[in-house]
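Below is one structure, written out as structure tokens; comments come after it.
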Amino acid sequence: RHCSTTQHSAWSACLLRSSTSNGKLAHRIESDAQVGNYDTRAVPPLMTHTKKIYSILHLFLRIQESKMSHSVTVILVFALMFSGSLGLSFRNNKDSFSLSDYQRARAEETCKSLDASRFHFQILFVDNNNFHGRIVEGVMARVAEYNDALFTLFPSSATLDSSRKAPLDAAAPDAAVAICDSLGLCSTRSRDFGTSFDLSYLDEYDLVIAMDDDIRTFILGSLPAEDEKQRYYGSKCRLLSEFLSVDFYAISHTGTDSDDILLDMLEADLREAAAPFSALLREASSDVFSMDSISWKDIFEPRMVLSETGAAVPNNQGWPKVEASILLATAGLTRFCLDTMDAQLEMAFRNLLDLHFCQKEHLEYSFDQADEQLRKGSLSVSGYFSPEQRRTRFQQHLERLRLRLSEIEEE
């Protein structure tokens, strides 16, 4: 009733943020929509309805300025809303916003931005305090080694030295070193001097992982405003918290579905530290990594506390929850990278089979004959798979070829 001109835009922003359970997610959806960083089919109702609500607010303000009575104002606005004059519908429909679809669309874009032909990915973690990044770097090195990816995933870290949180000294913080030691991480990594982030790293690394929304926004905001650049770099600059969601990290996963898929990727001591928080953190926002300051008291907070009923529950205060988030998100990122590499090389091998074995006479080829031919011309692709895996894929290809040729003959 007392809406002023200066309050008008604030009302609209609040409505957008109330459209989802997470205000920063809504802001990210809005920003990505402007630069085309995701499939626009995934979230059209959210943006469309926001514009329509904005129109209603605009009309409401104009009516107020015309000195019309409050009762008449309310009647007119609600009549417009429910008559369909503005096309605003509150009924459920198949085009309603889906967070899962949105996350999958972003994950697919990131998959496409990666190139598995070099058989490794270089990953840079960016923080603003010379603290979180070095811990995540060390955790990923340990998780990669445990999952036979020591020479496949190469993590590094850097700090935004222009941030107000950035320390003046590049030396490793004592608290960060203590945490790395408690997690059994590489002492060389944990004690190394910090590196300042540079925009050139966006081209030097396959993935740039920001610790929170503010860091990602700063990085992308430092780039030219052209849609093409924003779209390209936006797909390879991701948030660490996104890899807590199964809709993101499992976009290319073909294995058995399991609620413990991330925990299974951690060694016993790391799994024990992350397990109490596993269910709690499956859809966590990037705020979980945004502690303004980390004290020794935070670090030594107990992992479990007693509730009012006397039950042992995960402690939401201090470092233990952040630590569990790092462990699970890093496992999710590792799973995502390995599955992406598997999927791309699987497709490359299938394309080789389709190209070289597509005639009726090829049905008479033995696996040994075909394998010798493939390895001579495409060792880089065929060598990724074991002999047994190649044999299985070749036999499956012959079955598809036999079926396709029989269909052609019937026509």
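Details
- Taking the criterion of being open to solvent by 10 Å² or more (accessible area, probe 1.4 Å) and in contact (Cβ under 8 Å) with a residue 40 or more places away in the chain, the residues of the stretch 311-330 that qualify are Lys321, Glu323.
- In summary, Arg238 fulfils each of the numbered conditions (1) farther than 15 Å from Val136 by Cβ; (2) of a type in the set (Lys, Arg); (3) modelled with pLDDT of 95 or more with the single exception of condition (1).
- Only a single criterion out of (1) acidic (Asp, Glu); (2) assigned to a helix (DSSP H, G or I); (3) open to solvent by 40 Å² or more (accessible area, probe 1.4 Å) is not satisfied by Glu301, namely (2).
- Verdict on Ser162 being at pLDDT below 95, part of a helix (DSSP H, G or I) and open to solvent by 40 Å² or more (accessible area, probe 1.4 Å): no
- In the set Leu333, Leu345, Leu270, Leu338, only one residue is under 30 Å from Glu399 (Cβ atoms), open to solvent by less than 20 Å² (accessible area, probe 1.4 Å) and touching a residue at least 60 places away in the same chain (Cβ under 8 Å); that residue is Leu345.
- Applying the condition of being part of a loop (DSSP other than H, G, I, E, B) and in contact with a Ser or Thr (Cβ under 9 Å, 6 or more places away or on another chain) to the stretch 136-159 and asking which residue is most open to solvent (accessible area, probe 1.4 Å) yields Asn147.
- Residue count for the stretch 171-202 satisfying the condition of being in a loop (DSSP other than H, G, I, E, B), surrounded by fewer than 17 Cβ atoms within 10 Å (Cβ to Cβ) and of a type in the set (Gly, Ala, Ser): 3.
- Of the helices (runs of 4 or more DSSP H) lying entirely inside the stretch 311-411, those containing at least 2 residues that are within 30 Å of Glu301 (Cβ to Cβ) span 319-356.
- Taken over the stretch 282-314, the residue count meeting the criterion of being farther than 27 Å from Asp174 by Cα and modelled with pLDDT of 85 or more is 8.
- For the stretch 362-372, the count of residues that are within 21 Å of Tyr384 (Cα to Cα), open to solvent by less than 50 Å² (accessible area, probe 1.4 Å), charged (D, E, K, R) and free of Cβ contacts under 8 Å to residues at least 24 places away in the same chain is at least one.
- As a summary of the residue check, Leu168 satisfies the conditions (1) at pLDDT 95 or above; (2) open to solvent by 30 Å² or more (accessible area, probe 1.4 Å); (3) under 21 Å from Phe218 (Cα atoms) except for the one numbered (1).
- Condition met for Asp298 (farther than 15 Å from Phe243 by Cβ, more than 26 Å from the chain's Cα centre (by Cα) and of a type outside the set (A, V, I, L, M)): yes
- Filtering the stretch 396-408 to residues that are open to solvent by 100 Å² or more (accessible area, probe 1.4 Å) and under 12 Å from Ser366 (Cα atoms) leaves nothing.
The values are calculated or read from the model by the stated rules, or taken from the named source; none is laboratory data. Just so it is clear, the model here is predicted, and its values are computed rather than measured. Virtual Cβ from ideal backbone geometry, glycine too; neighbours counted across all protein chains shown. SASA here: full protein model, heavy atoms, side chains in, ligands and nucleic acids out. Shrake-Rupley method; radii C 1.70, N 1.55, O 1.52, S 1.80 Å.
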